[in-house]
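Trainee: To start, I am sharing the structure in question, which I have written as structure tokens.
Values in this text are rule-based calculations from the coordinates and carry no lab data. Because the structure is a prediction, the values reported are computed rather than measured. Heads up, the Cβs are rebuilt from the backbone with ideal geometry, glycines too, and the neighbour counts pull from every protein chain shown.
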Amino acid sequence: MSTDPAPHRPGHSADEGTPPADDGVHPVGDRTRRVDEPRAASPATPRERRFTVVEGDEHRGPPPEGGGGPERTAHRDRDTVPEGPLGLLARGAWQAVLLAGVAALVLGVLALAWPGETLRVVGILFGLYLLVIGVMQLVAAFGTHASTALRVMAFISGALCILLGLLCFRSALQSILLLALWIGIGWLFRGITQAVAASSDEAMPARGWQIGLGVISALAGIVLIVSPLTSIAILTYLAGAWLLAVGVIEIATAIRIRHRAKHLPAGA
């Protein structure tokens, strides 16, 4: 009778009463097979990263661990965060300034290229201005509760403006002459008022400059009144050059505003 121990079979322990430990090894015929069970995700395993590719980033790959640089973060923020009131104001501001600059540039070129035609058009516009002012003065004379003296003055000034406006449409030369006289009288009274006010007030800032500017305005008004046609022709060239300078400055300002608006924070 053999006393050799029974051969040990894989998957069974020597103690028949103790179930074998499941180590993933199972007998198949005369060979064994290891079955790898799926392991549960470790709590320390990092979660799957998800990212959204924004416009222009298709070829840059996934963002780095820190969430991307400030430029890409701002880019994503602008795509997801609605534009704030400051951004809307900046966008509207640079567009308005650009439009005003282009208009001034075009008017300056027209004034320098065709000064005679420019004066005729300006004379017609001046006549329209006088007509509108005259009608408003007449309405104010009959529709307000002011004193009788003020109503009479408003009626006289309104009737005079309407008469001068009609004269502007009668002849281009008359309209240019009236425009020159109107500007000359305005400059004369403004210069006298400014010089007298600056001379009488010792506490006025830049008093010397104010007096000098008033004297220059009064002298320019006298020149326009004495020689209106020649002076208004010279003013046309000066106005054209001034419009050119203003147009270039405003276009450059619009470009700067647009550049600054691009760097506003998201939602601003």
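Trainee: Need the full-extension length gain, Ala203 to Leu150, defined as separation in residues times 0.36 nm minus the C-alpha distance. One decimal, nm.
Mentor: Roughly 15.7 nm would be gained on extension.
Trainee: State the dimensionless ratio Rg/Rh of the range 84-262 (Rg: radius of gyration of Cα atoms; Rh: Kirkwood radius).
Mentor: Ratio value, two decimals: 1.07.
Trainee: I would also like to ask the following. Calculate one ³J(HN,Hα) per residue across the range 241-258 by plugging θ = phi - 60° into the Karplus curve 6.51 cos²θ - 1.76 cosθ + 1.60, and present them in order as whole Hz with x for glycine and proline.
Mentor: 5, 5, 5, 4, 5, 5, x, 5, 5, 6, 5, 5, 5, 5, 5, 5, 5, 5
Trainee: Applying a 10 Å radius around every beta-carbon, put 121-132, 106-117 in order of their mean neighbour count, most first.
Mentor: 121-132, 106-117
Trainee: Over all directions, how big on average is the projection of the convex hull of the alpha-carbon atoms in the range 122-211, in square nanometres?
Mentor: Dividing the Cα hull surface by four gives the mean projection, 7.9 nm².
Trainee: For Gln194, what charge total do you get from the other residues with a beta carbon under 14 Å from its beta carbon, if Lys and Arg give +1 and Asp and Glu give -1?
Mentor: Numbers: positive: Arg190, Arg207; negative: Asp201.
Residues near Gln194 contribute +1 overall.
Trainee: Normalise the Debye intensity by I(0) for the range 121-175, one equal point scatterer per Cα, no solvent, then take log10 at q = 0.17, 0.24, 0.26, 0.30 Å⁻¹ and round to two decimals.
Mentor: Debye intensities relative to I(0), on a log10 scale: -0.51, -0.77, -0.85, -1.01.
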